[in-house]
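Enquirer: Here's a structure for you.
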Amino acid sequence: MSTPRTIDASGLSCPQPVLLFLQAAKADPDGAFVVIVDNEASRENVSRAARTRGFAVEPQDMDGGLCRLNIHK
């Protein structure tokens, strides 16, 4: 698996985190991504968008209320 591209979407409200992920996934449809979010809505919406496009999503809670979404094919 390639080195994941990190998208730091902490501090952003929806739909910005989803749009950042979709832009990255369009550029690299088989890539691996790490998306950092800081709210439940972004966590759910990015996860849903990724799964809809055939990606697996592995959420990992981090300190400070952050969540790391490990996304890959």
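Every number here is computed from the coordinates shown, using simple stated rules; none is lab data. For clarity, every value in this text was computed on a predicted model and none was experimentally measured. Backbone-built Cβ (ideal geometry, glycine too); neighbour counts: all protein chains shown.
Enquirer: For Ala41, which of the numbered conditions (1) loosely packed, with under 15 Cβ neighbours inside 10 Å; (2) among the small types (Gly, Ala, Ser); (3) not in a helix (DSSP H, G or I) fails to hold?
Expert: Just one mismatch for Ala41, condition (3).
Enquirer: State all residues of segment 1-21 that are within 20 Å of Gln60 (Cα to Cα), surrounded by fewer than 16 Cβ atoms within 10 Å (Cβ to Cβ) and of a type in the set (A, V, I, L, M); if no residue qualifies, say none.
Expert: Met1
Enquirer: Among the residues that make up segment 50-59, is at least one of them in a helix (DSSP H, G or I), among the polar types (S, T, N, Q) and free of Cβ contacts under 8 Å to residues at least 40 places away in the same chain?
Expert: yes
Enquirer: Could I ask something else about it? When you scan segment 1-29, how many residues do you find that are assigned to a loop (DSSP other than H, G, I, E, B), in contact with a helix residue (DSSP H, G or I) (Cβ under 8 Å, 6 or more places away or on another chain) and over 23 Å from Gly64 (Cα atoms)?
Expert: 0
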